Amino acid sequence: MTLEELETYKIEPVSHEVYQAVKRNWDRVAKPLDGLGQFEELLAKIGAAHGSAALDISRKAVIVMCADHGIVAEHVSQSPQTVTAQVAECMGQNRTSVGKMAQKVGADVIVVDIGMNSDREFPGVINRKIRRGTGNFYKESAMSEQEALAALKTGIDLAASCRKQGFRLIGTGEMGIGNTAASSAVAAALLGCPAAEVTGKGAGLSEEGLKHKRRIIQEALTRYQFRKEETLRILATVGGLDIAGLAGVCIGGALNRLPVVLDGFISSVAALTAKRLLPGVEEYLIPSHKSREPAAERILKELGLSPVLDAGMALGEGTGAVMMFALLDMALALYEAPTTFSDMAVEPYRRFEPEKGSVPC
């Protein structure tokens, strides 16, 4: 795939008529108006994406992209790079956090090796390797633009495959030592801000380790002199194969009218990359939680999304997306088999239009 081919993709707008129909259906449920808050909005958004007010999210999957990052050579992570493959192997057997949580909510976990620094094949892990890890972006580009585009295409194809298999909702997840460093670099470049504003401790750095990580990222950004609109160059130069693959999942979801539930910081950076490459993607994105990483809220704001959970989560793997699956299922239970005001012989609540000339508070 070339950038020119990517730019020819057309994303269909979601149905605002269906969105309003779902909202009207919510108002018939015996509860205070907007009583389920964001969940009413998000299920209406899912209906608008599907093009139907008869909501169906019965089949769900989380796509977990696994890749290694050359930047770990600069000691920006507490763990060695070998941990990526070790965790991915367990993930393929549903022995990690995301697998256990997904089993509880009846969701599938699709584990993908898109760029681990290993030649091993793991049971339960799909091999879509572009290359064995990225380069160390402190010294060289993480990958070529062609490799970044190949990773994007991999994500697009996986989302399309999920749609063909009958999945109605997909989530994003990742595993890769060093990926918060790469995500922070991409975030700083896309937002046009210093690395210190968007770089956090990742999986448990000390204060000294955090200072070092911020310095490494900032020196690299200064060297490359990005412009904010150079999305593909940014992704290829300081990003990761997992980030590119997840950006592709976001694009593929939008192309196939398949809503995508984002996990945390890394997924959100991938989503912003997708939006910059192909505007319109954001209409198909569903937030889950606000990560502990300092840029998390800022990135979601750029996407026009508001996180539902604010529980200080930083687990990764797609666990936040899977937790959101469960909450959406519970909200949908009220929508699918509602107790109406007439069932309870109660006068329904009414929405009051503001008086002419008045200003809403």
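For residue 343, the criteria (1) of a type in the set (Asp, Glu); (2) within 27 Å of residue 204 (Cα to Cα); (3) assigned to a loop (DSSP other than H, G, I, E, B) hold in every case but one, which is (2).
When you look at residue 19, is it of a type in the set (Ser, Thr, Tyr) and either closer than 15 Å to residue 331 by Cβ or outside any loop (DSSP other than H, G, I, E, B) (or both), yes or no?
yes
Picking from residues in region 146-156 that are under 20 Å from residue 260 (Cα atoms) and surrounded by 24 or more Cβ atoms within 10 Å (Cβ to Cβ), the one that is nearest to the chain's Cα centre (by Cα) is 155.
In region 54-68, of all residues being in contact with a helix residue (DSSP H, G or I) (Cβ under 7 Å, 6 or more places away or on another chain), closer than 28 Å to residue 21 by Cβ and of a type in the set (A, V, I, L, M), the one that is surrounded by the most Cβ atoms within 10 Å (Cβ to Cβ) corresponds to 61. Taken over region 191-209, the criterion of being surrounded by fewer than 17 Cβ atoms within 10 Å (Cβ to Cβ) and without any contact (Cβ under 8 Å) to a residue 40 or more places away in the chain is satisfied by 192, 193, 194, 196, 206, 207, 208.
Somewhere in region 253-269, is a residue among the small types (Gly, Ala, Ser), more than 14 Å from the chain's Cα centre (by Cα), assigned to a helix (DSSP H, G or I) and buried (at least 24 other Cβ atoms within 10 Å of the Cβ)? Checking region 253-269: not a single residue is among the small types (Gly, Ala, Ser), more than 14 Å from the chain's Cα centre (by Cα), assigned to a helix (DSSP H, G or I) and buried (at least 24 other Cβ atoms within 10 Å of the Cβ). Evaluated against (1) free of Cβ contacts under 8 Å to residues at least 40 places away in the same chain; (2) within 30 Å of residue 205 (Cα to Cα), residue 83 falls short on exactly one condition, (1). Scan region 117-145 and report the pairs whose first residue is surrounded by fewer than 19 Cβ atoms within 10 Å (Cβ to Cβ) and whose second residue is assigned to a loop (DSSP other than H, G, I, E, B) and of a type in the set (Ser, Thr, Tyr), with Cβ atoms within less than 8 Å and a gap of 6+ or a chain change. What qualifies is 132/118; 135/141.
Read the figures in this text as sums done on the coordinates, not as results from a lab. Keep in mind the model is a prediction, meaning the values are calculated, not measured. With ideal geometry, Cβ positions are generated from the backbone for all residues, glycine too; neighbour counts draw on all protein chains shown.
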